[in-house]
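The values are calculated or read from the model by the stated rules, or taken from the named source; none is laboratory data. Just so it is clear, the structure is predicted and the values come from calculations on it, not from any experiment. Glycine gets a Cβ as well: all are built from the backbone with ideal geometry, and neighbour counts include every protein chain shown. Surface areas here come from the heavy atoms of the whole protein model, side chains and all, with no ligands, DNA or RNA. Shrake-Rupley method; radii C 1.70, N 1.55, O 1.52, S 1.80 Å.
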Amino acid sequence: MSHVVTIRTEVRDQAAVEAACRRLSLPPPVAGEFETFSQRLIGLGVQLPDWRYPIVCDLERGAVAFDDYGGRWGERRELDRFMQAYAVERATLEARRKGYTVAEEALADGSIRLQILVAEANA
């Protein structure tokens, strides 16, 4: 029997946002107010490659707001790369906080496999 799983990534961890930016060689995120074409957004701004406006992470709500004008002002794959990097960094940070070992493997299809090793206590 197959199962459909839906995952919604909430962006709530500033350290993971910063680590994702380093991973992707992006400028460090900046906290503040950002102007897009039609509105002002407040949060942690991340400038993606070749995007006219930064994406803005509202850490309190876990939301990411952006204005890409249907792909004309920024390629969605850059946002996807950032979200993947954020998820990997967030999972890695949390695992290490708990004392676990993390191994990462980049797969041919562009996905990333994380292996989190939990050491069992000696009996």
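Select, from Ala65, Ala91, the only residue that is under 12 Å from the mean Cα position of the chain (by Cα) and either within 16 Å of Thr9 (Cβ to Cβ) or polar (S, T, N, Q) (or both).
On inspection, the qualifying residue turns out to be Ala91.
Residue by residue, here is whether (1) open to solvent by 50 Å² or more (accessible area, probe 1.4 Å); (2) within 17 Å of Gln14 (Cα to Cα); (3) assigned to a strand (DSSP E or B) holds:
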{"residue": "Tyr53", "(1), (2), (3)": "no, no, no"}
{"residue": "Arg61", "(1), (2), (3)": "yes, yes, no"}
{"residue": "Gly70", "(1), (2), (3)": "yes, no, no"}
{"residue": "Gly74", "(1), (2), (3)": "no, no, no"}
{"residue": "Arg96", "(1), (2), (3)": "yes, yes, no"}
{"residue": "Glu104", "(1), (2), (3)": "yes, no, yes"}
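What are the pairs with Cβ atoms under 7 angstrom where one residue, in the range 99-112, is at positive phi and the other, located anywhere, is modelled with pLDDT under 95? Sequence gap at least six, or different chains.
Sorted first by the residue in the range 99-112, then by its partner, the list stays empty.
So which residues in the range 79-94 are surrounded by fewer than 17 Cβ atoms within 10 Å (Cβ to Cβ) and either charged (D, E, K, R) or modelled with pLDDT of 95 or more (or both), if there are any at all?
Asp80, Met83, Leu93, Glu94
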